[in-house]
Amino acid sequence: MSSNGHAKLIHRSIAVLAILLVLGFGSAILRLTQLSVVQGEELSQKAVNQQLTDTTISAKRGSIYDTNGKILAQSATVWKVVLAPINLEDDEGKGSNRRTRDEKRTIVSKGLAEILGMKQEELYKMTEEKSHYVVAKRQIESDVRDKILKFEDELEETYNITGVIRLMEDYKRYYPYGSFASSVIGFTGSDDQGLAGVEYQYDDDLTGTPGRLITAQNVNDAVPFPAAQKVDAKDGNSLVLTLDEKIQHALEKYLQKGIKENKVYNRAVAIMMDVNTGAILGMAVEDGYDLNKPFKLVNEEDKAAIAKLADDKQAEAESAALSKQWRNKAVSDTYYPGSVFKIITSSMGIEEGVITDQSSYYCSGSYTPVEGEPPVYCHNTLGHGTQNFFQALSNSCNPAFMQIGQQLGAKKYWEYYQAFGFSEKTGIDLPGESEDIFFSQDGSMGPMDLAVASFGQNFSITPIQMITAVSAACNGGKLMQPYVVKQILDSDGNVVKSVDSVVKRQVISEETSKKITSLLAQSTEQSGSATNGYVQGYKIGGKTGTSEKLEDSNDDGAEDYIASFCGFAPADNPQVALLVYFDTPTGGSYYGSAIAAPVFTEIMQEVLPYLEIEQQYNEDELSKLDTTAGSYTGMTVEEAKAAAEKAGFTVVTNGGEGTVAAQSPAAEGRIPQGGVVVLYTDLAAQAADTVSVPDFSGLSVSDARYVASQYDLNISIAGVSSEGEGYAKSQDIASGTSVSRGSVISVTFAEDTSSAQPIF
């Protein structure tokens, strides 16, 4: 080489190193550059004979926790397979064992393809490039790693191939609860990038900073240069959600139950919010999908429909079905709120003085907002007659609310509609939030538009907008900013950021808020469809909704409806609000009172005691309150029978005279007052003494009690406030199940709405 060419080569090497420095390889490159400049020609020549290897060190993605620190998403150590094709060279010398570079490429690619489940052609192409760092596959598990290590030994021993395959630590996202809170948490892609939910919304926070391992390798012998420089990876931040795992489980459990019982076509939503802070305690969209397998369709109807399509149409259809599956219906879809919106219209009217204690409304069964136009009907086509406001609210009377809307006027209605947040996104920290769909962007409405809007029809809003507005109505009039992330933690667990609650504005006065919560509480306790939201021991305020959809979403030729219930507790000091809605129930009934309200009740019965909200029973409730069974084992049958009967229980004996060896229900077990206690003198007799649970559906409370007594079973009543109200909607132990005599079956009752008419 000429001196001129030699100098050019040196200068080129220095230039390359400088460029690498600019590109951000840090102190390692800086050190190498200094060596080149300071020690001159000797080291510069060495730099020519050596090649830098820049290896990426994966950063661990931050974890996601529920509000109590339970892990909902975390990254576990796996491995990535890295190739160094530069080390695949022709063997020197002669002989039968001599192999060319292409032969070695074939051996490596074929072996790896079998282990990794990849195409050999794909891996073979990866080995074309003379590089130290080509990622073949990420996120392989321990069993695959072990196979690769064995294959490396085989390559060295059999083929004299070394330094081609490396296993480096990597991370894979795991979701320990599967489909739990899937609409909120979201998931990541193969590159560990957030693709949905908070995984997407907070991707920048969760994503760490990759590290670098920079080495220089000799071209001739591939021996690492003694001086390697390492920049450690920085793990991502973690998120603490406002979601409570126990509350979320309750929401999902009872939504799934409601979907199954009512044959719901287009999923269901439940949102629980802290009314005073805006924190989302639970948000469920069912049926959910497994976050560990997000690209697997869960809807059987969708899968069947796609399978019937032509091959060239299936990919597009599957993509659309997956988008629907991932869509957070609670924030991304709008719906017609129906009569639940009467909570808001009532708040408007009370605040403006349109609704007073002296207000009176007449309902003939219909109302004509515009002369010459068809009337708008009440669900009670016979009419409610003359009624005060409380009666109109309890009756969910559409004509009365049309009159209230008329008294407010379009201008005032629109002002309050905006104030309650319906004309804007709530700003919740979840992706894909939709806006409402109103009659017009400026709030202009004709008389008919205003009439139907007053009872929540012909405009659509998101569920998150609805529960945020109801929270404002009951929390003293403050519109809160909803949120799902309360803290961001660094990799050491230190709080980087805490989210404070945000009051967006005062919508109504505290006085108006107290008035509407009191009225809704009375309605739930005393009369109307809202009584199906009754929860024993708690004052509940709420409203049902049954809204007609304008499209036939399931193509069955029948009108589609949305059944909903929104309420809060405790009514005298609201702490939480809960919205439940089912989109297109097809099981026969579609009324909010019959479908959504019982689910609301079941959730609240489980969640309110968990939140340690104090129960307050009235006299009627105390007289029917479940009690505990005494301990009768060890007594004589005669003594035990006397003690149990004195406690008010009906006693059934099995085994004749002697000492009581066992009882059902067990001592301290919950049992209805006046319930059945079965006494056994023989343990074997107890094990064999079972009955088949009857079907209580459709029975009144008194009839259900009678049927239970015929089987020596106990029933615990939920969903109604007094004897004889409603019919059995669901039971916690399915009919036909074999149980011990004396067992307690929880039966949820709802108001009989079979004769009700749809709300237009």
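Restricting attention to the stretch 485-518, the residues being crowded, with 20+ Cβ neighbours inside 10 Å and assigned to a helix (DSSP H, G or I) number 4. Please indicate, with yes or no, whether at least one residue in the stretch 430-441 is modelled with pLDDT of 95 or more, crowded, with 22+ Cβ neighbours inside 10 Å and under 24 Å from Lys504 (Cα atoms). Yes, some residue in the stretch 430-441 is modelled with pLDDT of 95 or more, crowded, with 22+ Cβ neighbours inside 10 Å and under 24 Å from Lys504 (Cα atoms).
Counting only helices (runs of 4 or more DSSP H) that sit completely within the stretch 87-203, those holding 2 or more residues that are farther than 30 Å from Leu241 by Cβ and without any contact (Cβ under 8 Å) to a residue 60 or more places away in the chain correspond to 101-116, 120-126, 142-159. Among residues of the stretch 59-89 being of a type in the set (Ser, Thr, Tyr) and either under 20 Å from Gln487 (Cβ atoms) or not assigned by TED's automatic domain parsing to the domain that holds Glu129 (or both), the one that is surrounded by the fewest Cβ atoms within 10 Å (Cβ to Cβ) is Thr67.
When you check Gly443 against the structure, is it in a loop (DSSP other than H, G, I, E, B), free of Cβ contacts under 8 Å to residues at least 60 places away in the same chain and more than 30 Å from Glu371 (Cα to Cα), yes or no? So Gly443 fails the test.
The set of residues in the stretch 675-697 that are surrounded by fewer than 21 Cβ atoms within 10 Å (Cβ to Cβ) and either touching a Lys or Arg at 6+ places or on another chain (Cβ under 9 Å) or not small (Gly, Ala, Ser) (or both) comprises Thr681, Asp682, Leu683, Asp689, Thr690, Val691, Val693, Pro694, Asp695, Ser697.
Scanning the stretch 466-484 for residues that are touching a helix residue (DSSP H, G or I) at 6+ places or on another chain (Cβ under 7 Å) and not in a loop (DSSP other than H, G, I, E, B) returns Met466, Ala469, Val470, Ala473, Cys474, Lys478, Leu479, Met480.
Checking Leu206, Leu213, Leu155, Leu167 one by one, the residue that is in contact with a Ser or Thr (Cβ under 9 Å, 6 or more places away or on another chain), farther than 30 Å from Val499 by Cα and at pLDDT 90 or above is Leu155 and no other. The strands (runs of 3 or more DSSP E) found wholly in the stretch 654-723 and carrying at least 2 residues that are over 13 Å from Gly630 (Cα atoms) occupy 690-692, 714-718. Restricting Asp311, Asp357 to those that are out of contact with any Pro (no Cβ under 7 Å at 6 or more places or on another chain) and either closer than 29 Å to Glu559 by Cα or assigned by TED's automatic domain parsing to the domain that holds Asn398 (or both) reduces the list to Asp357. May I ask you to verify whether Phe568 is in contact (Cβ under 8 Å) with a residue 12 or more places away in the chain and more than 17 Å from Phe749 (Cα to Cα)? Yes: the conditions hold for Phe568.
Within the stretch 548-585, if we keep just the residues that are hydroxyl-bearing (Ser, Thr, Tyr) and at pLDDT 90 or above, the residue that is nearest to Ile344 (Cα to Cα) turns out to be Ser564. Residues to consider are Gly288, Gly349; find the one that is of a type in the set (Gly, Ala, Ser), crowded, with 18+ Cβ neighbours inside 10 Å and under 30 Å from Asp572 (Cα atoms). Residue meeting the stated conditions: Gly349. Within the stretch 641-655, does at least one residue satisfy the condition of being of a type in the set (Lys, Arg) and modelled with pLDDT of 90 or more? Yes. For the stretch 728-757, filtered to residues that are hydroxyl-bearing (Ser, Thr, Tyr), farther than 16 Å from Gln710 by Cβ and out of contact with any strand residue (DSSP E or B) (no Cβ under 6 Å at 6 or more places or on another chain), the residue that is modelled with the highest pLDDT is Thr737.
Can you find a residue that is more than 30 Å from Ile247 (Cβ to Cβ), among the small types (Gly, Ala, Ser) and modelled with pLDDT under 90 anywhere in the stretch 602-624? Yes, the stretch 602-624 contains a residue that is more than 30 Å from Ile247 (Cβ to Cβ), among the small types (Gly, Ala, Ser) and modelled with pLDDT under 90.
The values are calculated or read from the model by the stated rules, or taken from the named source; none is laboratory data. Since the structure is predicted, the reported quantities are computational estimates derived from the model, not experimental observations. Neighbour counts run over all protein chains shown; Cβ positions are idealised from the backbone, glycine included.
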